[in-house]
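J.: Quick one: the structure is below, questions incoming.
We did not get these values from a lab; they are worked out from the coordinates using the rules stated. The structure presented is a predicted model; accordingly, all values stated were derived computationally and were not measured. Cβ coordinates were reconstructed from backbone atoms using ideal geometry, including for glycine residues, and neighbour counts include every protein chain displayed.
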Amino acid sequence: MYVYDSFDHAFVRDRNAEFADQVARRLSGELSEDQFKPLRLMNGLYLQLHAYMLRIAVPYGVLSSKQVRKLAHIARTYDRDFGHFTTRQNLQFNWIKLADTPKILEELAEVEMHALQTSGNCIRNTTTDQFAGAARDEHEDPRPWAELIRQWSSNHPEFTFLPRKFKIAITGADRDRAAVRVHDIGLHAKPEGFDLYVGGGLGRTPSLGHRIKTGLKGEQLLSYLEACLRVYNRYGRRDNSYKARIKILVAALGPDEYARQVEEEWESLDKAAIDAPAAEIVRIRSFFPDPDFKDAKFDRVAYERAQTADKAFARWVKNNTLAHKRDDHVSVTISLKPVGLPPGDASSAQMDVMADVAEQYAYSELRVSHEQNVILPHVPKADLYALYTRLDAANLSTANGGKITDMIACPGLDYCSLANARSIPLAQDISQRFADANLTDKIGDLQIKISGCINACGHHHVGHIGILGVDKQGIEFYQILLGGRADENAALGVITGKGLPAEAVPAAIERVVQLYLQLRTSDSERFIDAVERLGRNTFAEALHEPA
Amino acid sequence: MSLLNSSHTPQLVTTDGEIIPDGWTLLADEETTGVDGPYVLGFDRALKELDGLNGHYGIRVNPGDDVRLLLPFIEKITLIEVSFPGYRDGRGYSTARILREEGYTGAIRAVGDVLRDQLFLMLRCGFSEFLVKDKDPVQAIAAAKSRFSVFYQGAADTNRPVWALRHTVES
Amino acid sequence: MKLLTANRLTDGLTLWFSAAGWSEDAAQAARLDDDAAEALLTEWKARETEVVGAYLIPLSAADAPVQREHVREFVRANGPTIGQTADEIARLHGRADIFQEY
Ligand code: SF4
């Protein structure tokens, strides 16, 4: 993974000193809360329902064992012993003291981490494919490009006070695991250059990005992004924060006109002053080699015997591992969705275990997925059973990768000051209803995504089943959406009628799932395929049928 | 509890940390230009009248004004005031960068809600004067200039992006 | 009747205005009549180096916030409703629930 040089270290040090100074001025009263708020947000510090929340950047979701140990240490020392992995491949702590943040940032800097630009109206952490560098269908590793963008966007003098937040996603594989079409800018690396999508997003006005450029050369990526951002910074709406995202500008101008303005701006830019030279791209790429793959002798017979002997292990292998570009390795999903517990939470002890097993079995490399799980991208098959045993002892072996209980849920009203309704207890109730692993295996791939308000941090629009919390005179209600997907065939789910009270949701979902099991043509017809074949209405009726 | 820093009367300070008097008068749109210049004209008025005017003017540019429209008259402009009605409105940064990219070499002054924490960004975008609300504007400029030693992007100032430094060192 | 709540600037913890000043325990919150509540709100909004985000919660009955804010204020008073993360303050005071669950 990328290793800081003295420049990168100096930058984070300077930036942390700046923030420490801002905190001190806030505490002394020199800065008002109104003035301080955007400054603290630019450092990932929110004031939530119960306390400050600190969102730590995990650049493009990549972590080392050493970094995960540091996160565990922070959870233990400064928080209440757990952290929450988010759908933006970041990590949040829920009970942070303002006065402690400079110290925490110093600790993070020791392991080349920070909380910069994890909130605020600036360019946020670039997200990418959690299987980058390991997946079989990848033709371009997106991580070096994400790192290039990270550096270019850090403290960008022109784009720190944009109309609204700005999220970039990038993928380099056939299958789009980074959901590039639901980001402000989505980049899809192809052999002939990047396809660039603009104006996608969820939230109040969900939309899919429009492709405005193909064949963009990597050496010109930054200047083109600069042109895209400049048009947005100048003309994005600032009168109404709900209409300030780039998707609204693109919709108002039309994608063609937006593209024309970008091209015009791009022509006027001094590209040589903006684009990093090829040598810099080569330098960044050099940090993302394959690990030194162990040529451990893989004993297929023993591996198969272990699966026969241990059914739980067999299930875990089937659901939580993905084919690797090398036959003797796999990528492993460590599910943070044990039945009945908050999706995405990990205790400090669990973080330590993940760091340890990554060190021992996975070349010290971990990833955060937008599904709120932790990924070990490269694991020798020979070590799989030993790894599984260690995870199992730490309650980290839930074998539900991609299944109905592998839900995404935002923090919702249990933590979030913007929420209308709780998300986590609902996720817990649903997962309890589908606690039977034989049943979830039979159901197969089905993604439920829950947001506690229209901001859609839980990506409910692109869940096969999406759930949106709304507030009806102080009572929590949930609207159910059907038919969304975030992959290369991205589609937005559609609301299916009246909202349901929390108690009614798990049963409603169960009815839909039972109907799907009756109607599917074979085991290989996934839920989303059946919804697309039969139409949403077929299933919507089951949702709202009286129990 | 100390006093809110932004409650101090704004003072005009230059990139070099010099406090300077403001010799300019902002003309309301209906006011006629007398002999007591120099004057700052509103943006729309400037577009209408600059063609027929002689001499040198300052122009007030608000967020949303397309500063490129001033380019035909740039020879007559020696000051551009870029206003920040609220400090979260970042359009002024693009305005300044475009002016510098287009070769404008006169003064670019930040006015409005200009606070110490923005000065670093403004310096990088090509501003040269700051009407800043701060108890110690000179120190604020000095702090903004020394805060960072590393710059990841090329911008309107003379700081070289880190990629340029990396690859000069190597070659 | 109203309650006054805010977060402490230094650590962000939720506070409730009680007869003895700010308290972390919602059960101590003083029931304020409307005029007194408004006056206190104005006073504390200005005292930004002590607390932030001060606001009033209207009560429909002596111990219940009005419907619109009920769930939110219940969670704010009692901490997250999810097992793993039970709010230490509520536990410290030996109460599962501070407002009654509706
Ligand atoms: S979707 Fe709404 S409730 Fe959930 S975390 Fe985002 S802002 Fe909060």
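J.: Using 0.36 nm per residue of separation minus the Cα-Cα distance, give me the extension gain between residue A:323 and residue A:309 in nm, one decimal.
T.: On the way: separation 14, 0.36 × 14 = 5.04 nm, distance 2.23 nm.
Fully extending the segment from residue A:323 to residue A:309 adds 2.8 nm.
J.: Which Cys residues of chain A have no other Cys Cβ less than 4.7 Å away and so no disulfide-compatible partner by this rule?
T.: Cys with no partner Cβ under 4.7 Å: A:122, A:228, A:416, A:453.
J.: Let me ask something else about it. Which order results if B:56, A:324, A:329 are arranged by neighbouring Cβ count within 10 Å, fewest first?
T.: Ordered from fewest to most neighbouring Cβ atoms within 10 Å, B:56, A:324, A:329 come out as B:56, A:324, A:329.
J.: How many angstrom lie between the Cα centre of the stretch B:55-108 and the Cα centre of the stretch B:130-171?
T.: Centre-to-centre (Cα) distance: 21 Å.
J.: Quick one: how many lysine pairs does the stretch A:134-285 have with C-alpha atoms less than 14 Å apart and a gap of 8 or more or different chains? Give me the count, please.
T.: Values: A:165/A:243; A:165/A:247; A:167/A:247; A:190/A:213; A:190/A:217; A:217/A:271.
Pairs that pass both the separation and distance tests number 6.
J.: On a straight-distance basis, which lysines could pair with residue C:45 in a cross-link, Cα separation under 23 angstrom, same-chain partners fewer than 8 positions away excluded?
T.: A:37, A:97, B:133, C:2
J.: Using the Karplus curve 6.51 cos²θ - 1.76 cosθ + 1.60 with θ = phi - 60°, what ³J(HN,Hα) values do you get for each residue of the stretch A:479-495, in whole Hz, with x for Gly and Pro?
T.: After applying 6.51 cos²θ - 1.76 cosθ + 1.60, I find 8, 10, 10, 10, x, x, 7, 10, 8, 5, 9, 3, 8, 9, x, 10, 5 Hz.
J.: Moving on to the next point. Starting from the 7 Å offset along Cα-to-Cβ, what nm value, one decimal, do you get for the label separation of residue A:66 and residue B:138?
T.: Placing both labels 7 Å along Cα→Cβ, they lie 4.5 nm apart.
J.: With a sphere of radius 13 Å drawn around the Cβ of residue A:55, what net charge do the other residues whose Cβ falls strictly inside it have (Lys, Arg +1; Asp, Glu -1)? Walk me through the numbers before you get to the answer.
T.: Working: positive: A:40, A:88, A:124, A:165; negative: A:79.
My count for the surroundings of residue A:55 gives +3.
J.: For chain A, what is the mean residue ellipticity at 222 nm derived from helices alone (per DSSP H run of n ≥ 4: -39500 (n - 2.57); sum divided by total residues; nearest 500 deg cm²/dmol)? It would help to have the intermediate numbers written out before the result.
T.: Details: 19 runs with 209 residues, N = 547.
After summing the helix terms and dividing by residue count, I get -11500 deg cm²/dmol.
J.: Quick one: grab the alpha carbon gyration tensor of chain A, order the square roots of its eigenvalues as a ≥ b ≥ c, and give me rounded if a/c is under 1.5, else prolate or oblate depending on whether a/b is larger than b/c. Write out the running numbers ahead of the final one.
T.: Values: a/c = 1.32, a/b = 1.17, b/c = 1.13.
Rounded, since a/c falls under 1.5.
J.: Cut-off under 29 Å on the C-alpha distance; same-chain residues fewer than 8 positions from residue A:381 excluded. Which lysines are left, in chain and number order?
T.: The reachable lysines, counting only those whose Cα sits under 29 Å from residue A:381, are A:66, A:70, A:294, A:297, A:311, A:318, A:325, A:337, A:403, A:442.
J.: With just the Cα atoms defining each centre, how far is the stretch B:1-24 from the stretch A:351-368? Give it in Å.
T.: 52
J.: Take the alpha-carbon centre of the stretch A:449-495, take the same for the stretch A:316-342, and report the distance between them in whole Å.
T.: 25
J.: I would also like to ask the following. I'd like the orientation of helix B:137-146 relative to chain B: the angle between its Cα long axis and the longest Cα principal axis, in ° from 0 to 90, rounded to 10.
T.: The angle comes out near 40 degrees.
J.: Can I ask one more? Could you tell me how many degrees, from 0 to 90 and to the nearest 10, lie between the Cα long axis of helix B:91-101 and the main elongation axis, the longest principal axis, of the Cα atoms of chain B?
T.: Roughly 90 degrees between the two axes.
J.: Next question, about the same structure. Among all the lysines, which ones have a C-alpha under 28 Å from residue B:76's C-alpha, if same-chain residues fewer than 8 places away are not counted?
T.: Output for residue B:76: B:48.
J.: So, one more: I need the shape label for the stretch A:388-547. Rule: rounded when a/c is under 1.5, else prolate if a/b > b/c, else oblate, with a, b, c from the alpha carbon gyration tensor. Walk me through the numbers before you get to the answer.
T.: Details: a/c = 1.56, a/b = 1.07, b/c = 1.46.
Oblate, because a/c is 1.5 or more while a/b does not exceed b/c.
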